[in-house]
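Presented below is the structure to which this report refers.
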Ligand SMILES: [Zn+2]
């Protein structure tokens, strides 16, 4: 998933996503021109399988990363563009129809003239509310007002499934409040980080200037923003700490919250949010203790500067060109090293997907999603489920009691494929001449819709990704795996390709999501989606000793000089890659039972083609700056490590390519983790 400034749906639903994935080929299956035969497969399989492709492709000027994922995504986006152009060209759609909303939203975003003409005026009422903060005791009501419209500040509050009572919804208070991608950017002192921090301060000042502040005032305010955000960052938990579902589960009554995080009128805040709740989850108690202190101690003038920045930053893409360009100069160029911005039409297309995703998604699946794809994918899912069940039954490190629970959980997995059975509605006005207003009404509705879940039964039809998304996810509280239509197409999944390649690519993807149910986080949730232990003590220990090996393996990878993979941050994804590949291969082997061995194609056997298919899923080029951001923030390992990491642990791979002891792609048995 790409980073978004707002609280993403994936976050509110607590999903574990697949991240980057895909492959392409000029013809079905594996195209030999994509290989690099000068590198032996047992030395660096990623390079062997993808070297030709890597040499033939480079990163377009408007992208931070380019790989198989982006190739598929670009094709989906071309379909969306056509839909949006067709739909927006017509102005006679029935008012309130999905076509009217989608078409007018797109047209409003492209109407740069109207946006220029209005200048900053659409944001003025919000900025005026912020300027109205005269005393810190007014802060709760102001934050509530901003949060109701989806504007950020200080912390986040949203409703999701109660992790320990998955049949109910619960309000979650989450840490937040910072503008840079991670707390590390405020607290570390290496040259790269320091440079980004300095440029961030300059960028904040420039945005203030664009909003009408004098140069001196803008600089003074930018300093205040950096100071306050740094204090918030100091109180934030690290991303590794945030991965611990037990530590982040702290149910409190409103009265307890008031005692535990004094200095901020929580009662007043929730009243102003119109949130009727008796208890909630305090995800990071120490952050909120610190936040309460800041709320009481930091003068109102500093909060005003800080919230003014937050509102400008979150709204930049809706404002005139000068704001859009200044925002890209930092977010795109400085942070990710991307020289050029995507054309505006593409940005508005992406915004339509984010804002009216299931309205646009309906039009998308009408054009692209063939029913036979759904049937075939379901069949593969069941073959993978069978393979994982067999693996669990035969695990040598797990006792019978835990195995029975693991199988119970696996059997209970829900599966969603393609698109939702029930589409979300968008009951707010979309006007052809009001891009800013459209986005604000949409986010106000989204926040309201989320809050309205409190006290209602769980909506099991809901999706955490839109249909054109090239990705997939596992939800621990729903205990389900979900594959949007966007990923279920050639060459990810190609009816014309041989089974070996389909199992290596889409099978790997399915296995990856299934294994998330049993990774270091998922394994703490039971068949009903509750955070509840189902492991014996001995088995838990045996599991931890295996996951420790995974942490150590990935900690050693150094994709950029001096910047390592964080083995603990990426643990869940790495477990899912290692396990997913293993069960996909087992399912492939099962599919061959009772059949004649397929003849080699281009000199590669079935098992070899399986691994070539798997390797192409993760091939990509990425800019150094963007890689550095991801090493700090992305729970997924880089592409090369996502291939060589799992394969070098897998005996089935050594056998397929005759890798011998001591070769880089065959890790020593003593350090080799075999979990699922
Ligand atoms: Zn994943």
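The values are calculated or read from the model by the stated rules, or taken from the named source; none is laboratory data. Please read all numbers here as calculations on a predicted model, not as lab measurements. FYI the Cβ positions are ideal-geometry reconstructions off the backbone, even for glycines, and counts take in every protein chain you see.
Taking residue 561, is it surrounded by fewer than 18 Cβ atoms within 10 Å (Cβ to Cβ) and either farther than 23 Å from residue 29 by Cα or in contact (Cβ under 8 Å) with a residue 12 or more places away in the chain (or both)?
Here the answer is yes, as residue 561 does meet what is asked.
Please pick out the residue among 487, 583 that is touching a residue at least 24 places away in the same chain (Cβ under 8 Å), under 30 Å from residue 370 (Cβ atoms), within 16 Å of the ligand (Cβ to nearest atom) and more than 19 Å from the chain's Cα centre (by Cα).
Of the residues listed, the single one that is touching a residue at least 24 places away in the same chain (Cβ under 8 Å), under 30 Å from residue 370 (Cβ atoms), within 16 Å of the ligand (Cβ to nearest atom) and more than 19 Å from the chain's Cα centre (by Cα) is 583.
Tell me yes or no: at least one residue of region 361-379 is at pLDDT 95 or above and out of contact with any helix residue (DSSP H, G or I) (no Cβ under 9 Å at 6 or more places or on another chain).
no
Going by what's in this entry, would residue 63 be described as under 20 Å from residue 470 (Cα atoms) and at pLDDT 95 or above?
Answer is yes for this residue.
Do the conditions hold for residue 59, that is, is it farther than 28 Å from residue 483 by Cα, away from the ligand (no atom under 16 Å from the Cβ) and buried (at least 18 other Cβ atoms within 10 Å of the Cβ)?
So residue 59 fails the test.
Of 429, 513, 449, which residue is without any contact (Cβ under 8 Å) to a residue 12 or more places away in the chain and either crowded, with 24+ Cβ neighbours inside 10 Å or away from the ligand (no atom under 16 Å from the Cβ) (or both)?
Result of the check over 429, 513, 449: 449.
Test of understanding: among 554, 543, which residue is within 15 Å of the ligand (Cβ to nearest atom), surrounded by 17 or more Cβ atoms within 10 Å (Cβ to Cβ), in contact (Cβ under 8 Å) with a residue 40 or more places away in the chain and not in a loop (DSSP other than H, G, I, E, B)?
554 is the lone residue from the list that is within 15 Å of the ligand (Cβ to nearest atom), surrounded by 17 or more Cβ atoms within 10 Å (Cβ to Cβ), in contact (Cβ under 8 Å) with a residue 40 or more places away in the chain and not in a loop (DSSP other than H, G, I, E, B).
Take residue 566 and tell me if it is more than 22 Å from residue 672 (Cβ to Cβ) and surrounded by fewer than 24 Cβ atoms within 10 Å (Cβ to Cβ).
Here the answer is no, as residue 566 does not meet what is asked.
Kindly indicate whether residue 337 is over 15 Å from residue 152 (Cβ atoms), touching a helix residue (DSSP H, G or I) at 6+ places or on another chain (Cβ under 8 Å) and at pLDDT 95 or above.
Criteria met by residue 337.
Would you confirm, using the coordinates I've provided, whether residue 157 is under 19 Å from the mean Cα position of the chain (by Cα), in contact (Cβ under 8 Å) with a residue 40 or more places away in the chain and over 26 Å from residue 573 (Cα atoms)?
yes
So that you can scan it fast, the table gives a plain yes or no per residue for (1) part of a helix (DSSP H, G or I); (2) under 27 Å from residue 171 (Cβ atoms); (3) without any contact (Cβ under 8 Å) to a residue 24 or more places away in the chain:
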site	(1), (2), (3)
274	no, yes, no
292	yes, yes, no
302	yes, no, no
305	yes, no, no
312	yes, no, no
324	yes, no, yes
327	yes, no, no
334	yes, no, no
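Given the condition in contact with a helix residue (DSSP H, G or I) (Cβ under 7 Å, 6 or more places away or on another chain), within 14 Å of the ligand (Cβ to nearest atom) and part of a helix (DSSP H, G or I), answer yes or no: does some residue in region 494-506 qualify?
No, region 494-506 contains no residue that is in contact with a helix residue (DSSP H, G or I) (Cβ under 7 Å, 6 or more places away or on another chain), within 14 Å of the ligand (Cβ to nearest atom) and part of a helix (DSSP H, G or I).
Filter region 181-215 down to residues that are within 18 Å of residue 321 (Cα to Cα) and touching a residue at least 12 places away in the same chain (Cβ under 8 Å), then give me how many there are.
Qualifying residue count, region 181-215: 9.
Residue-by-condition table, conditions (1) closer than 30 Å to residue 540 by Cβ; (2) buried (at least 22 other Cβ atoms within 10 Å of the Cβ):
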| residue | (1), (2) |
| --- | --- |
| 322 | no, no |
| 359 | no, yes |
| 384 | yes, yes |
| 397 | yes, no |
| 410 | yes, no |
